[in-house]
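The values are calculated or read from the model by the stated rules, or taken from the named source; none is laboratory data. Remember, it's a predicted structure, so these values are computed and weren't measured experimentally. We place every Cβ from the backbone using ideal geometry, glycine too, and count neighbours over all the protein chains shown. Keep in mind that these areas ignore ligands, DNA and RNA; they rest on the heavy atoms of the full protein, side chains included. Shrake-Rupley method; radii C 1.70, N 1.55, O 1.52, S 1.80 Å.
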Amino acid sequence: MNKLALSDEILLSVDKPARYIGNEINMVKKDPSKVDIRFAMCFPDVYEIGMSHLGIQILYDMFNKREDVYCERLYSPWVDLDKLMREKNIPLFALESQDPVKDFDFLGFTIQYEMCYTNILQVLDLSHISLFSKDRREEDPIVIGGGPCTYNPEPIADFIDLFYLGEGEAVYNELFDIYKENKKNGGTRLEFLEKAASIDGIYVPAFYDVTYNEDKTIKSFTKNNPAAKDKVKRVVEMDMSNTYYPTKPIVPYVQVTQDRVVLEIQRGCIRGCRFCQAGIVYRPLRERSLDFLKDIAGQMLKNTGHEEISLSSLSSSDYSQLQELVYYLIDEFGSKGVNISLPSLRIDAFALDVMSKVQDIKKSSLTFAPEAGTQRLRDVINKGLTEEEILNGARDAFIGGWNKVKLYFMLGLPTENFDDVEGIANLADKIAREYYDLPKENRKGRVNINVSTSYFVPKPFTPFQWSAMETVDNYLEKQRFLKGKIDEQLNRKSIRYSWHDAETSIIEGIFARGDRRVGKAIYDAYKSGCIYDSWSEHFDFDKWLKAFADNDISAEFYANRDRDFDEILPWDFIDVGVTKEFLWRDYNRSLKEKTTINCAAGCANCGAKVFGGGICFDRQGGQVQ
Amino acid sequence: MIVRIKFTKTGSSKFVGHLDLLRYFQKAFRRAKLDLTYSQGFNPHPLITIAAPLGVGLTSEGEYLDVTLNSCDEPAIMIDRINEAMANNISVTDFIILPEGSKNAMAVIAAADYNISLREGYDFLSINDFRDKFRDFYNQDSIMIIKKTKKSEKEMDLKPLIYKYEFLDNYDLSQNDGYIPLIHLQLATGSANNIKPELVLETFCEFAGISYNPFVFATHRVELYGDIGKGKERDLVPLNKMNN
């Protein structure tokens, strides 16, 4: 029997003990004493969420292809085990070897959403590693942060030794080589960090000092170590069809959120929606070739035994060979009991055809994400979806037999007024009318329209990075107003409205554009017992309010404030390819209700062309203008 | 055709729950390229029935499931093929093509064998004390307990449902390091009468006047049986030998 870090008594006392035993199908087994580098890769949330993340699977596969590296996994212990580990002083361990994380060379966090910040501290704490980077000793692991939240790493800068900005495929090998060399030569932790800081994409927060103005804005952001770069460039993988992809993903025992094969068809997005950070920081659009995708889809299904495959990307309808790919998957694997799980597609004849082939029309629903209720506001956010397209798509789907529709909107978008909010109710009603205009024999009972609104959070590296986030009071007022307007509609009985709570969103708003001072509040909130903040049953808003108040952190300053172009933003030292000048230009276009062309139709000169590939070159003959 | 598969569940796989195990086999059989028969509909799934759910924390060398196939190869070839697609602590030990019209494993199950051991490091009776007290426990005219269900409580006699007991001496513990062999129990199992070893141990502890701590005991299921006896006479045979 493989040894386990936890005793039977502990494992039998906690919920879903199989989260902690490792040994899943396709887990990589190596002799830890025969490698140079032990890497613990952590998704700081519960196992079922973390195991569903494709990025970790890609890096796990890539790292373990190196003979000198053993990459293992760990996730946040659930609250029941968290309590037992603290009581019994058991150090947190990695799943593969079940060895304590504190003995590893690296502890890497993938940071996918702001509300996991306290779980990073939980994992460090349970691992018996100092929470603050400055307190770590020579023998402690190097703590790395990566993932989307690192495009503003400052709120957690004090806890992380180095951030990796960009796509994992790009420079991890170089980082490992430098580490190995430094270790062999008896180099110190500081010497390694200095060498690492010379690689593009690597940001060592300790090598920079921040000073502040009296109005609390940033006065200066300067490096204090000559090894550090003035600007840290995001690193990318440009050849998407000739790179790492895990053909033998791990198959968990416990049912996880993504219990299926995930096929990333492309990276980046052409759309340029102004609220969307992913649409900017993953530019340029890079497609994987059809042959590559067909090949890895087959291998992954064979090696996992999964009965479902889903396509992943920011906007799958924009993949140039989507029809060929989807029909191939249906023809090749559909007969072998494999379900094809479709992403949200733009509703057109093709989408309705494949949906009718792979889903039960009676149960499935159509999804539209207009995001805003009027054309005016959709132009402000550059969401290229018109009312006509939505109504036509809905009508075609109703004729095809569907009678469930989901509509996603945001409240609190820049320039939003009450007419825009009312537009949401009107649009929902118009969709219902499309249904009831059909002859009775074509209808199947009542139409179900589910409207949901979330609370817009302005993010770094978007044209709205300078915009004020709506205050909680205004947001709640708009939400109540919309509820009232929906209740006034002719087809109100066919419309259901649900909304996202304001409390986590406002905290997200503070973190998203926070600076290093916010870290103290995160530390205090954690110390007062906050973990699993993204889980409503564990989220404790009062503790957060206290932590913010104690550290003089206010929503007014960090979230609800418009910024000037001249203000130094906490993330200005990062170069994501898309330039600040473009973002400012696009922000000003948005205020004039002007849209910006998408990357497939033309080039808006955002700056991502600097990477020398992707759609910027594929469709324009490689000319840099 | 319906195939009955016997398998082990040992080591850390004892922490894998029943529904997760079912999903595990669905995927393992697909990896092994079994010619599975699927249910109809938009979410087709293979037809698999596990004979008797094993509680989380228990190990076993005598688990069974029935699976419906369109076709298959020789049993020995099939066993190898499936095991190549399995985790090292869940493995197939037998593969039987059931005759047409056989009842499924869940329907025929009548009894189960368990070996109970003590985990080291916990307070318990000495082995001799245990044996004396267990004999006294079993030699009562009846062992009345209150069985609680979701709906009601009812009194029942455990004694006729304990088919057999035997103290263990040299039970092979190769996969259970640090465990002290205690007792073998054969218990009624299935839809008609079903008792778990935990219930017997808990009732015994109450009889012996000691507090019941479930972590003291490590339970290993050895075999599952069907009853081919005529009338009231019991004739138990392992689930993979019922048609010989």
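Largest to smallest in accessible area, the residues A:GLU593, A:GLU67, A:GLU114, A:GLU537 fall in the order A:GLU67, A:GLU537, A:GLU593, A:GLU114 (1.4 Å probe, all protein chains included). Estimated from helices alone, the mean residue ellipticity of chain A at 222 nm is -9500 deg cm²/dmol (sum of -39500 (n - 2.57) over DSSP H runs with n ≥ 4, per residue).
At 1.4 Å probe size, with the rest of the protein present, what percent of the exposed accessible area of region B:2-102 is carbon and sulfur atoms? The C+S portion of the solvent-accessible surface of region B:2-102 is 52 percent. With the whole protein complex present, A:HIS500 retains an accessible surface near 80 Å², based on a 1.4 Å probe. When the convex hull of its Cα atoms is viewed from all sides, region A:512-598 shows a mean projected area of 8.1 nm². Per residue, the accessible area of chain B comes to 49 Å², computed with a 1.4 Å probe over protein heavy atoms only. Over chain A, accessible surface divided per residue gives 39 Å², non-protein components excluded, 1.4 Å probe.
Using a 4.7 Å Cβ-Cβ cutoff, the cysteines of chain A lacking any partner cysteine are A:CYS42, A:CYS71, A:CYS116, A:CYS149, A:CYS269, A:CYS530, A:CYS599, A:CYS603, A:CYS606, A:CYS616.
Contact-buried residues of region B:19-38, at a threshold of 40 Å² lost accessible area versus the chain by itself: B:ASP20, B:ARG23, B:LYS27, B:ARG30, B:ARG31 (1.4 Å probe; DNA, RNA and ligands ignored).
The three principal axes of the Cα atoms in region A:8-233 give end-to-end lengths of 54, 42, 30 Å, sorted in falling order. A:GLU593 sits among other residues whose Cβ lies under 14 Å from its own Cβ, and their net charge, with Lys and Arg +1 and Asp and Glu -1, is +2. Near A:VAL236, the amide H atoms lying under 5 Å from its own belong to A:GLU167; only residues 5 or more places off or on other chains count, and H is placed 1.01 Å from N. Against the main long axis of the alpha-carbon atoms of chain B, helix B:18-31 sits at an angle near 30°. A:THR243 contributes an accessible area of around 30 Å² to the protein surface, as traced by a 1.4 Å probe with all chains present.
Peptide A:9-21 has a mean of 4 when you count, residue by residue, the C-beta atoms of other protein chains within 10 Å of its C-beta. Among A:LEU314, A:LEU301, the sequence by solvent-accessible area, most first, with a 1.4 Å probe is A:LEU314, A:LEU301. Averaging the Cα positions of each part gives two centres, and for region A:330-391 and region B:200-244 these lie 54 Å apart.
Summary of the geometry: region A:581-604 and region A:111-188, compared by the centres of their Cα atoms, lie 35 Å apart. Residues whose amide H falls under 5 Å from that of B:PHE167, counting only those 5 or more places apart or on a different chain, are B:HIS184, with hydrogens built in the peptide plane. What is the percent carbon and sulfur in the accessible area of chain A, measuring with a 1.4 Å probe over the protein chains and ignoring ligands? C and S fraction of accessible area: 48 percent.
Across region B:2-102, the volume of the C-alpha convex hull divided among the residues equals 99 Å³ per residue. Exposed loop sites were defined as trypsin sites (Lys or Arg not before Pro) in DSSP loop states (anything but H, G, I, E or B) carrying at most 15 other C-beta atoms within 10 Å; in chain B the longest segment without such a site runs B:152-229. Equivalent ellipsoid of region B:109-238: semi-axes from √(5λ) of the C-alpha gyration tensor, largest first, are 24, 19, 14 Å. When the Debye formula is applied to the Cα atoms of chain A, each taken as the same point scatterer, what base-10 log of I(q)/I(0) results at q = 0.07, 0.09, 0.10 Å⁻¹? Taking Cα atoms of chain A as identical point scatterers yields -0.46, -0.78, -0.99. Chains B and A together bury roughly 2600 Å² of accessible surface, counting both sides and using a 1.4 Å probe on protein heavy atoms.
Positive contributions from Lys and Arg (+1) and negative ones from Asp and Glu (-1), summed over other residues with Cβ under 12 Å from the Cβ of A:TYR203, come out at 0. Against chain A, whose longest principal axis is taken from its Cα atoms, helix A:322-333 shows a tilt of about 80°. Rounded to the nearest 10 degrees, the angle from helix A:387-399 to the longest Cα principal axis of chain A is 80 degrees.
Under 17 Å of direct C-alpha separation, and excluding same-chain neighbours fewer than eight residues apart, A:LYS357 reaches these aspartates and glutamates: A:GLU307, A:GLU308, A:GLU324, A:ASP331, A:GLU332, A:ASP348, A:ASP396.
Summing Cβ point charges (Lys, Arg +1; Asp, Glu -1) relative to the Cα centre of region B:1-95 gives a dipole of roughly 320 debye.
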